[in-house]
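Asker: Here's a structure for you.
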Amino acid sequence: MEARSRISAYGTFYEIYVSTPLAICETRDPKGLYRKARRGEIKGFTGIDDPFEQPENAELHIDTSKLAIEDSAQRIVALPMHDGLL
């Protein structure tokens, strides 16, 4: 059962898709996990040897390569505010 159907029974559910191109993720990787995954030291690493399927019906898509942290946070908080929940 997907999260939306489980949570919606108790209240409002917002799916927020936070994306960043793989190349940017790798430059932002302070622990070197992408490097280790590319060398085969970590198996099942999303985007390297494990597929990722983006959500089909997310209420909001945040691309962190195009938005500042503050702008991203404002957009996220705006969702429930728009619906009168905050």
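No lab work stands behind these numbers, since they all come straight from the coordinates. As the structure is a prediction and not an experimental result, all values here were calculated from the model. Cβ placement follows ideal geometry from the backbone for every residue including glycine, while neighbour counts extend to all protein chains displayed.
Asker: Which condition does R75 not pass, out of (1) over 17 Å from V18 (Cβ atoms); (2) of a type in the set (K, R); (3) assigned to a helix (DSSP H, G or I), if it passes all the others?
Answerer: (1)
Asker: Next question. For region 12-35, check the following and say yes or no: at least one residue is touching a residue at least 12 places away in the same chain (Cβ under 8 Å) and surrounded by fewer than 11 Cβ atoms within 10 Å (Cβ to Cβ). Full working, then the answer.
Answerer: First, the residues of region 12-35 that are touching a residue at least 12 places away in the same chain (Cβ under 8 Å): 12, 14-22, 24-25, 33-34.
After this cut, where a residue has to be surrounded by fewer than 11 Cβ atoms within 10 Å (Cβ to Cβ) as well, the list is none.
Scanning region 12-35, I find no residue that is touching a residue at least 12 places away in the same chain (Cβ under 8 Å) and surrounded by fewer than 11 Cβ atoms within 10 Å (Cβ to Cβ), so the answer is no.
Asker: Continuing with this model, one more query. Six or more apart or on different chains, Cβ atoms under 6 Å: show the pairs whose first residue is in region 38-59 and closer than 30 Å to T12 by Cβ and whose second is part of a loop (DSSP other than H, G, I, E, B).
Answerer: Listed by first residue and then by second, the contacts come to T46/F52; P55/E15; A58/E15; E59/Y14; E59/E15.
Asker: Return yes when V77 is in contact (Cβ under 8 Å) with a residue 12 or more places away in the chain and hydrophobic (A, V, I, L, M, F, W, C) and no when it is not. Give the steps one after another, and end with the answer.
Answerer: Working: in contact (Cβ under 8 Å) with a residue 12 or more places away in the chain: no; hydrophobic (A, V, I, L, M, F, W, C): yes.
Here the answer is no, as V77 does not meet what is asked.
Asker: Of all residues in region 49-64, how many are surrounded by 12 or more Cβ atoms within 10 Å (Cβ to Cβ), assigned to a loop (DSSP other than H, G, I, E, B) and within 16 Å of the chain's Cα centre (by Cα)? Steps first, please.
Answerer: Just the residues of region 49-64 that are surrounded by 12 or more Cβ atoms within 10 Å (Cβ to Cβ), to begin with: 49, 55, 58-64.
Then drop every residue that is not assigned to a loop (DSSP other than H, G, I, E, B), which leaves 49, 55, 58-59, 64.
Going one step further and asking which of them are within 16 Å of the chain's Cα centre (by Cα), we end up with 55, 58-59, 64.
So the count comes out to 4.
Asker: Give me a count of the residues in region 1-47 that are assigned to a loop (DSSP other than H, G, I, E, B) and of a type outside the set (S, T, N, Q).
Answerer: Here is the first cut: in region 1-47, the residues assigned to a loop (DSSP other than H, G, I, E, B) are 1-2, 9-15, 20-21, 28-32, 39-45, 47.
Adding the requirement that they be of a type outside the set (S, T, N, Q) leaves 1-2, 9-11, 13-15, 21, 28-32, 39-45, 47.
Qualifying residue count, region 1-47: 22.
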